Each structure stands twice: as structure tokens, then as C-alpha cells.
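Asks: Got a structure for you, written out below as C-alpha cells; questions coming shortly.
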Amino acid sequence: MRRVLPRTHGFQRPFGLWPEGFGEGGALPEDSEGFGEGGALPEDSEGFGEGGALPVGLVMDPIKISKLTFAYGEGELRRPVLRDVALQVHAGEVVLLTGPSGSGKTTLLTLIGALRAMQEGSCRVLGRELMGASEHERVRLRRSIGFIFQNHNLLGFLTARQNVAMALEVEAALPERDRLARAGAMLAAVGLDGHEDKLPAKLSGGQRQRVAIARALVGEPGLVLADEPTAALDKVSGGEVAHLLRDMAKSRGTPILMVTHDPRILDIADRVVAMEDGRIVEAAAA
Ligand SMILES: Nc1ncnc2c1ncn2[C@@H]1O[C@H](COP(=O)(O)OP(=O)(O)OP(=O)(O)O)[C@@H](O)[C@H]1O
Ligand SMILES: [Mg+2]
């Protein structure tokens, strides 16, 4: 299912919180997406060239990857892990990435999440080309992405509310009181009313993943990346968490790319993409 979203979707964060450099008022800066590099427009530049700004009426794919190749190690130890990967995630779409252990799913997710540097090919995330991007640019992009991992990664000495509020710390203009209030509202939205002041150790696995979902979404990210968020959960809470994440993201129009081995949650997907040995092998409608 492909949803065409309102014109500002994916370009403007609510609360005016795009990190600097991401453009304001819905337009990307002139030098975005490969401008000024050799003077040529990328073939798939999606309407660039009209005054240098991206026409906001066009839906931009939040993830657009082509010819991505990646290897770990150097010299004789160099081992290719991703080969010639092409993948697109459309605005508002929920895409699941499946495949055998070691096929490269997490590696691909960390490249898309700007958590590691690209080596070859093109990977455009929220309109930014990651090939050749500096560490500084990657840090900025990461602020526009909500991450959810298999092991919730909550800080054990902070309450649920404080853990969620931490995701708003990059928003220096927001007073602590407002951060905690937004965190509380988000926790209520994921069904954790009354649990805000508990430490992670006092919550169930499913509740901890709900906190992780709240933390990933509270900053109104342009994209959510999740790596096996239900792997540590039983069937019922795994299903609940997956559906909650889908519903929360859909209601905000936030696209999700989720790695999962879990056949029980394939029904949340608009599309399922399979990887094998570093390649995308099939893309099926869910
Ligand atoms: N930091 C690393 N250094 C070297 N090799 C790595 C590193 N991380 C992963 N690999 C190797 O790269 C390949 C792909 O790993 P990756 O973690 O991306 O697979 P995956 O599909 O996420 O697997 P799983 O389903 O088990 O999580 C594997 O062969 C793995 O051993
Ligand atoms: Mg993995």
C-alpha cells in the first residue's frame, strides 16, 4: 500500500525541529542532495532544478538506496556483506526486512541510520545522501531518526519518563519541564499510564519495548528504524508491541523499516523485503 501524504510530510518536523541544515519551511537547501558536486543533477533528483529547492508537493522517499555495497575488514580480511543493494521505502510505509541470520540486515539498518559510514553506492535518507557524508552530517541525520533495538537499550537508573525525555535533550530550547510533560503524554499514548515513574527493571519486557517505542517517537522523527524489536518478547506481547508501533507510526505518517525474524508480525507490513547473503532477493506485498 502506498500512501501519498500531505505536502509537508517528511520535510517538516512538527514543532519546527528539523536540525539545522535540513532546511526550513518545507524546502531543502540548495546544496542538498548532491548539488554542487560536478554541477550535474543526479538522475533521480526528483524535481530538483526548479529554483534549487525541492518542490514540496512531491512525495520524497524517506529511504532510497541504490548499488549499495559494503564490506567489513580490510585487505585480506575484507569480507563483503552487502552487495548491490537497492531499496526504497515510500512516505508513510511500513516495510519489514527479513532474511537468515548473517544476511546483512543489521548492517544495512546501521548504514541507513547513519550509524556507520558508507563505502560504495548511494543511500539517501530523508533527502540526504549518506555516501561521502561527514561524521557531523551523520550525527545530524541521526537526530531525525527514531531507533528501536531488540534489547530496549533503556537506561536502568532512569525512570520510564526520564528515558523518553532524554530523546528530547537535543532540543535545547525545550525546558526540562516540557520535555518531561511530552514524555508523559507519549507514555500514555503507548498505554503506560501510571508506569511513568518506574525504573525499567520494574517493567515487563513488553512494557520496556513500549517505553522504547515512546522514546523513538517522542521527537517526531522522520523515520523509524527497528531491529528485531519483538525478538525478546513472547507471542502475545510481541504482537501487541508490533501493532502498537505500526499504529503509532501510521497515525503520524512516519515510515518504518523493521528487521524481523518474527513471522507472527508480518501482517503489520505494507511490504516485506527479504535479504539473502547480502542481497535483496524478493519484495513482496504483504
Ligand atoms: N562489526 C562487524 N565486523 C565484522 N563483521 C561483522 C560485523 N558485524 C557483522 N558482521 C558480519 O557481517 C555479516 C552480516 O551481519 P549482520 O549483523 O548484518 O546480519 P543480520 O542479517 O543482522 O543477522 P542476524 O539475523 O543474526 O541479526 C555476518 O556475517 C556477520 O558476521
Ligand atoms: Mg541483525
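Asks: Can you tell me how the range 64-138 classifies by the Cα gyration tensor, rounded, prolate or oblate, using a/c under 1.5 as the rounded cut?
Replies: oblate
Asks: Sequence-distant or interchain residues sharing an amide H contact under 5 Å with residue 276, placed H: which?
Replies: 281
Asks: Moving to a separate point now. Ordered by packing density, taken as the mean number of other Cβ atoms within 10 Å over each peptide's residues, highest first, how do 167-176, 101-110 rank?
Replies: Packing order, densest peptide first, comes out as 101-110, 167-176.
Asks: For the range 143-253, count all C-alpha to C-alpha pairs, find those more than 19 Å apart, and express that count as a whole percent of the total.
Replies: Counting pairs separated by more than 19 Å, the tail of P(r) holds 38 percent.
Asks: DSSP loop GluC sites (Glu not before Pro) in the range 67-129 with at most 14 other Cβ atoms within 10 Å of their Cβ, which ones?
Replies: Here the sparse-neighbourhood loop sites are 74.
Asks: Can you order the peptides 236-249, 145-158 by their average number of other Cβ atoms within 10 Å per residue, highest first?
Replies: Sorting 236-249, 145-158 by mean packing, highest first, produces 236-249, 145-158.
Asks: Which shape class, rounded, prolate or oblate, goes with the range 92-177 when its Cα gyration tensor gives a ≥ b ≥ c as root eigenvalues, a/c under 1.5 marks rounded, and past that a/b bigger than b/c marks prolate?
Replies: It is oblate, given that a/c is not under 1.5 and a/b is not larger than b/c.
Asks: Taking amide H positions as placed in the peptide plane 1.01 Å from N, state which residues far from residue 72 in sequence (5 or more) or on other chains have amide H under 5 Å from it.
Replies: Answer set, sorted by chain and number: 79, 81.
Where a number appears in this text, it was derived from the coordinates with a stated rule and is not lab data. Everything numeric in this text was worked out from a predicted model, so none of it was measured. Glycine also receives a Cβ, built like all others from the backbone with ideal geometry; neighbour counts cover every protein chain displayed.
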